[in-house]
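Contents: one structure, followed by commentary.
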Amino acid sequence: MHAGGMMEFVEGWFLGHTLGEGAYGEVKLVVNKSTGEAVAMKMIDIEKHPDARQTVRKETAILQMLTNPYIIQYFGKRSEPNIEYIFLEYASGGELFDRIEPDVGMPMWDAQKYFRQLISGVEYLHSRGVAHRDLKPENLLLDKNDNLKISDFGLATIYRMHGKERLLEKKCGTLPYIAPEVLVGAYHAEPADVWSCGIILVALLAGELPWDHPRLECPEYIAWKKGKYMSLKPWTKLDNSSLSLLRKVLLDSALARYKMSDIKQHKWFVRSFTGDETDMRYHLNRHMQAYTEDENLRNACLSQPEFPWMESNNAIQFNLDGRQFSFSQPAHVDDLIVATQLQAFTQASQQSSFQRLARRMTRFFVKIGVEEIVKRLIRYCEKENYAHRVNESGVITISTVDRRKMSLIFKVNFIEMNGNILVDFRLSKGDGLEFKRAFIKIRCAMEDVILKSSMAYSRS
């Protein structure tokens, strides 16, 4: 059973629950007792990962250089013999990926808003001589006002100092978002980040990624490179204006690729979209998706429209320096617990945290006790041949492999709230879309014990 308790971390600041996981540690919420202010605290276990200290030093040195409305704010760090703590702005809106409907995307004006903010933030990074090198939707967080915040600078580097630029050589990033030249040899920093921004735009507009990796053995990439893509997804979902921009951004030649100044002058970037023209394409995509999805999944989705979001990315991460997962801050139900415990101190914090609860969709309330729902889930795991274990805190870790034979691991927490049990699923490792499919199947199997009146909590 999730205890939901809080302890004082330093005077006046209470340590909350885990917001996200990483290869080197985890991100915790820290809340100020008197003001309700929330800060994200990234914890890096140096004892387990001695190589992480240098990464932390580099990441914090870069974060200290940056002050921009579209970049996560750095507050400071604290070193202990075995643990490094990094204090960052808490982005309460969760990950941008939570706003992308799988295989559909999002309305054009929303995609344009986030893309403009992304370009503004990355342009600022480049003005400071910093390359991010791992731009993807789960490293793009949202604040309480729905503004984008670029985060996770663990793979970032300085490529220009005193006006002198150096070529980069490290092969790093996440394969579907990576520029082709990064996989080949030395590369320029700015065009590589621009390419990743282009792939992010495809994800925003189409709800899917165009290829697994930009290499010659990937047929989807070759079709794009040769201009033989017009009848293929995701390009069939895009309008001519979007395609016109993407053709210039996703150019194989880094030298010929659009620069930031070019992107900002493109007609798609500068135009004002009206609701009617973009709504039609968005709803058409949704309509078409209903006919093309897997039958079982489709039925589940159509009967449960309260789960329209993708939780993570369907990507294989480059793992050359041991970093397997990004440190992100997905909005989590624990925000609500933190806020409830601090209700005596600040009512406003409770309200904003309650709103944050609507951001994550992989959860449901049940009308039975913890023991019964745990038994049900274990029986389901046995039926599906999922490996499972329950730790001393009562958290179930479920492991399986997805359709591509890649590892898929997620955790199930049980939280008592208002007299009911909230069953909360969180991806630990693997493909976000596969996690979503697994969750929906589990939800269908538990349909008879799910509290229907609680669905108001889960709708966006």
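By DSSP, the beta bridges lying fully in region 51-151 are antiparallel in about 90 percent of cases. Separation of region 83-134 from region 358-424 is 29 Å, based on Cα centroids. For region 223-239, the Karplus equation 6.51 cos²θ - 1.76 cosθ + 1.60, evaluated at θ = phi - 60°, returns couplings of 4, 5, 4, 8, x, 9, 10, 4, 9, 9, 7, x, 5, 5, 8, 9, 7 Hz by residue, with Gly and Pro reported as x. Name the lysines eligible as straight-distance cross-link partners of K28: C-alpha to C-alpha under 16 Å, and not fewer than 8 places from it in the same chain. Partners within reach: K42, K77. The residues of region 39-84 expose on average 53 square angstrom of accessible surface per residue, using a 1.4 Å probe on protein heavy atoms. Ordering M406, I421, F435 by Cα displacement along the dipole of region 389-445 toward the positive end leaves M406 in first place; charges were set at the Cβ atoms of Lys, Arg (+1) and Asp, Glu (-1).
Counting only Cα atoms, region 15-88 measures 36, 28, 19 Å along its principal axes, largest extent leading.
The values are calculated or read from the model by the stated rules, or taken from the named source; none is laboratory data. As the structure is a computational prediction, the values presented were derived from the model and not from experiment. Neighbour counts run over all protein chains shown; Cβ positions are idealised from the backbone, glycine included. The protein model used for the area step is the full one, side chains on, heavy atoms only, and it has no ligands, DNA or RNA in it. Shrake-Rupley method; radii C 1.70, N 1.55, O 1.52, S 1.80 Å.
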